[in-house]
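S.K.: So that we are looking at the same thing, I have put the structure below in structure tokens.
The values are calculated or read from the model by the stated rules, or taken from the named source; none is laboratory data. Bear in mind the structure is a predicted one, so any value in this text is a computation, not a measurement. Please note: Cβ atoms are built from the backbone with ideal geometry, for glycine as well, and neighbour counts cover all protein chains shown. The area values use the complete protein model at the heavy-atom level, side chains included, leaving out ligands, DNA and RNA. Shrake-Rupley method; radii C 1.70, N 1.55, O 1.52, S 1.80 Å.
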Amino acid sequence: GACAIVCVDKDDNIILEKQYRYPFGKTIIEIPAGKLDSVLEDHKECAIRELKEETGLISKDMTYLGQTGLAMAYSSEIIYLFYTNDFESGENSLDSDEFLQVFKIPFDKALEMCNNGEIIDSKTIIGINLYNNIIRKK
């Protein structure tokens with residue numbers, strides 16, 4: 001499995017990544033995410049670790065949003081979705097095969113990009129919509 005993080009700052013900007021994905025032959029926009037180190041790893045700890053590794057952002061806590069199975073017909077992988085809006089800057093530590101560009105945009109722009117097809121990554125679309133419907137609508 002894996003964890004993915006919707007990271008929104010105090011000004012309602014979301015942190016996103018651009019990463020080249022070989023199966024698609026192009027750069028894809030995604031929320032930060034990464035694989036669990038083992039089936040026993042705490043999901044929240046994985047989310048905290050992956051956010052720091054990929055973006056350099058340090059969050060002391062994450063809030064669980066939900067989970068999704070991305071390819072139910074042929075895979076049992078589950079992605080656990082979290083959000084944070086309490087973080088500080090630090091240093092990233094990408095894996096040797098990771099090349100990505102971290103950026104931020106207004107949350108409403110990201111939502112629009114999900115709706116118009118600019119963002120096609122399913123965990124990102126689901127995470128952004130869960131955050132919008134559960135957290136922002138309160």
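S.K.: Specify which of the listed residues (100, 57, 65, 111) is within 20 Å of residue 14 (Cβ to Cβ) and within 12 Å of the chain's Cα centre (by Cα).
M.R.: 65
S.K.: Name every residue in segment 107-135 that is more than 20 Å from residue 69 (Cα to Cα) and surrounded by 15 or more Cβ atoms within 10 Å (Cβ to Cβ), in order of residue number.
M.R.: Result: 107, 110, 111, 113.
S.K.: Any chance you could count how many residues in segment 19-37 are farther than 22 Å from residue 111 by Cβ and in contact (Cβ under 8 Å) with a residue 40 or more places away in the chain?
M.R.: The number of residues fulfilling the criteria is 1.
S.K.: Related question: Cβ-Cβ distance below 9 Å, separation of 6 or more or different chains: which pairs start in segment 38-52 with a residue that is in contact (Cβ under 8 Å) with a residue 24 or more places away in the chain and over 21 Å from residue 92 (Cα atoms) and end on one that is assigned to a loop (DSSP other than H, G, I, E, B) and open to solvent by less than 80 Å² (accessible area, probe 1.4 Å)?
M.R.: 39/1
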